[in-house]
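J.: One structure, pasted below without further comment.
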Amino acid sequence: MHPNALLDIATELLREVGKLDMPADVVVSNFFRKHRELGPRERHALAETAYAVLRQRLLFQHLAQSGSGALERRLAILAWQGNETLIRGGLGQHEQQWLNGVRSIDRNSFSEKLRHNMPDWLAGALKNDLDDEGFWNFVASMSASAPLDLRVNMLKTNRDKAQAQLREAGIESTPTPYSPWGLRVEGKPALQKTDVFLRGDVEVQDEGSQLLAAMVSPKRGEMVVDFCAGAGGKTLALGAAMRSTGRLYAFDVNGHRLDKLKPRLARSGLSNVHPAQLTNERDDRVKRLSGKIDRVLVDAPCSGLGTLRRNPDLKWRLSAKAIDELCELQAKILESACRMLKPGGRLVYATCSPLRREDEAIAEAFSAAHPEFQLLDAGELLKAAGVERADELNANGYMRSWPHAHGMDGFFAAAWQKA
Ligand SMILES: C[S@@+](CC[C@H](N)C(=O)[O-])C[C@H]1O[C@@H](n2cnc3c(N)ncnc32)[C@H](O)[C@@H]1O
């Protein structure tokens, strides 16, 4: 495709993504469905360019002020993630000069806001929770893209075999440093077409998300509830840990998300999973299971800010008010879900948020209101589940992962045992 035509398409894509009215991954895949003429390399460059703009939106918007023509075209030129020589071929003389000028600006001269690229409310909240070094480490980690992690389905195979089969399909991977079930893949290969994926030997799941299942560590024959199962990322890991025995309820209020679990379940070979849509967290099903369940995972609806590497649009689509509402809902869900546990049972509360308000604050309030639930040490639980270097993930008894420290998404988990 001619570079100018490619820049026109990039301009169009950035216009769509810039509306921020839908998740960026949905906008990008809808856009590609409309533009069948694009090859894989062009799609990759376009998607990465859109994501680069979302990651450093304030900086690019600031730099784009000095140019002329459509704003989105200037953003695309500044953030271009494909072949530099190719795209330069599509630029007019003025654009070439403008780009050279912008590139020569010393980035150290930029204001703090242009360096962290976050709305004020979010920068304020993170600075409140992290020290200066932690804050800037977090910022740096969020400006890179995330790796593709897979969880090996131990019901069907083992990590060595899965790795060898991926290699046969031309996909190189390495064992994840913490999760004993994880493989980290180089680049973004077309995994979904490989036999090893279609057979259900591997599933896409961030290493941190695998560790949340390790915090639950369900055993064969147990009664387990995944309260906020969504599309079932953790459900599948829990079901495999149970060796497809016992009963695993996959609850969610969103039927559309639960529908997405079905094809994954079919591949997984699990027969112990029972998906059910709830009307709300106080649904009658929850009452009926009161005092009957061995393990409950509450993978709560949250800001998702621990996944900013994958979903950089979140920081622009969320607001301080939305966090307030989420915190209220998280407390309500935990309060209702805890009723299902039998004495001796384990409750796990988890988020993919780095904000203390959604994490420690919810866990501390729950502990204070429920003396019958005793907090368990996350480091010990992870070690017992076979997680390597478990101590590195222990933060005052809670589990915490950071992209900059552990190379995985930012997760939090608290676990309690019911007396
Ligand atoms: C973090 S996501 C779950 C992701 C999922 N566990 C996975 O691993 O793929 C949170 C889920 O909570 C669900 N949810 C929101 N409000 C809920 C409620 N009141 N009761 C149960 N689930 C709820 C959302 O529909 C969403 O699917």
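The values are calculated or read from the model by the stated rules, or taken from the named source; none is laboratory data. Not measured: the values here are computed from a predicted model. As a convention, Cβ positions derive from the backbone with ideal geometry for all residues, glycine included, and neighbour counts pool all protein chains shown.
J.: Name the one entry in D149, D206 that is crowded, with 20+ Cβ neighbours inside 10 Å, farther than 30 Å from V286 by Cα and within 16 Å of the ligand (Cβ to nearest atom). So that I can check it myself, show each step before the final result.
T.: Details: D206 fails: farther than 30 Å from V286 by Cα.
Just a single option satisfies the conditions, and that option is D149.
J.: Within the range 303-317, can one find any residue that is surrounded by fewer than 23 Cβ atoms within 10 Å (Cβ to Cβ) and hydrophobic (A, V, I, L, M, F, W, C)?
T.: Yes - at least one qualifying residue is present in the range 303-317.
J.: Among the strands (runs of 3 or more DSSP E) lying completely within the range 163-206, list those that include at least 1 residues that are of a type outside the set (D, E) and closer than 17 Å to A240 by Cα.
T.: 182-185, 202-204
Listed here are the residues, each with its yes/no results for (1) in the same structural domain as E48 (by TED's automatic domain parsing); (2) in contact with a Phe, Trp or Tyr (Cβ under 9 Å, 6 or more places away or on another chain); (3) surrounded by fewer than 22 Cβ atoms within 10 Å (Cβ to Cβ); (4) in contact (Cβ under 8 Å) with a residue 12 or more places away in the chain.
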{"site": "M154", "(1), (2), (3), (4)": "no, yes, yes, yes"}
{"site": "R159", "(1), (2), (3), (4)": "no, yes, yes, yes"}
{"site": "P180", "(1), (2), (3), (4)": "no, no, yes, yes"}
{"site": "L198", "(1), (2), (3), (4)": "no, no, yes, yes"}
{"site": "A214", "(1), (2), (3), (4)": "no, yes, no, yes"}
{"site": "K219", "(1), (2), (3), (4)": "no, no, yes, yes"}
{"site": "K234", "(1), (2), (3), (4)": "no, no, no, yes"}
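J.: Search the range 233-265 for residues being closer than 22 Å to V286 by Cβ and among the basic types (K, R), and hand back the single one that is farthest from the ligand (Cβ to nearest atom).
T.: R247
J.: Looking at this structure, is A276 within 13 Å of the ligand (Cβ to nearest atom) and aliphatic (A, V, I, L, M)?
T.: Yes.
J.: Taking the range 33-66, which residues are surrounded by 15 or more Cβ atoms within 10 Å (Cβ to Cβ), among the hydroxyl-bearing types (S, T, Y) and touching a Phe, Trp or Tyr at 6+ places or on another chain (Cβ under 7 Å)?
T.: Hit for the range 33-66 is T49, nothing else.
J.: Please work out which one of (1) over 22 Å from A144 (Cβ atoms); (2) in contact with an Asp or Glu (Cβ under 7 Å, 6 or more places away or on another chain); (3) of a type in the set (S, T, N, Q) is the condition Q81 fails and give its number.
T.: (1)
J.: State whether the residues of the range 81-101 include one that is in contact with a helix residue (DSSP H, G or I) (Cβ under 7 Å, 6 or more places away or on another chain), closer than 23 Å to R309 by Cα and not assigned by TED's automatic domain parsing to the domain that holds E358.
T.: yes
J.: Assess whether A250 counts as being free of Cβ contacts under 8 Å to residues at least 60 places away in the same chain, loosely packed, with under 15 Cβ neighbours inside 10 Å and assigned by TED's automatic domain parsing to the domain that holds A378.
T.: Numbers: free of Cβ contacts under 8 Å to residues at least 60 places away in the same chain: yes; loosely packed, with under 15 Cβ neighbours inside 10 Å: no; assigned by TED's automatic domain parsing to the domain that holds A378: yes.
The answer is no for A250.
J.: Same structure again: Consider Q192 against the criteria (1) out of contact with any Ser or Thr (no Cβ under 9 Å at 6 or more places or on another chain); (2) at positive phi; (3) not basic (K, R): it satisfies all of them except one. Which criterion is unmet?
T.: (2)
J.: Looking at the range 244-320, what helices (runs of 4 or more DSSP H) fall wholly within it and have at least 3 residues that are under 16 Å from C228 (Cα atoms)?
T.: 255-268, 284-288
J.: Considering only the range 333-378, how many residues are more than 14 Å from the ligand (Cβ to nearest atom), in contact with a Leu (Cβ under 9 Å, 6 or more places away or on another chain) and either within 21 Å of L278 (Cβ to Cβ) or part of a strand (DSSP E or B) (or both)?
T.: Qualifying residue count for the region: 5.
J.: Quick check, is R73 of a type in the set (K, R) and either under 30 Å from D120 (Cα atoms) or in contact with a Gly (Cβ under 9 Å, 6 or more places away or on another chain) (or both)?
T.: Taking the combined requirement at face value, the residue satisfies it.
J.: Okay, next question. Mind checking which residues of the range 379-392 are exposed (fewer than 14 other Cβ atoms within 10 Å of the Cβ) and either over 22 Å from the mean Cα position of the chain (by Cα) or not in a loop (DSSP other than H, G, I, E, B) (or both)?
T.: Result: A384, G386, D391.
J.: Of the residues D106, D8, D21, which is surrounded by 12 or more Cβ atoms within 10 Å (Cβ to Cβ) and acidic (D, E)?
T.: D8
J.: Given the residues E203, E222, which is the only one that is under 26 Å from C338 (Cβ atoms), in contact with a strand residue (DSSP E or B) (Cβ under 6 Å, 6 or more places away or on another chain) and either of a type in the set (D, E) or modelled with pLDDT of 95 or more (or both)?
T.: E222
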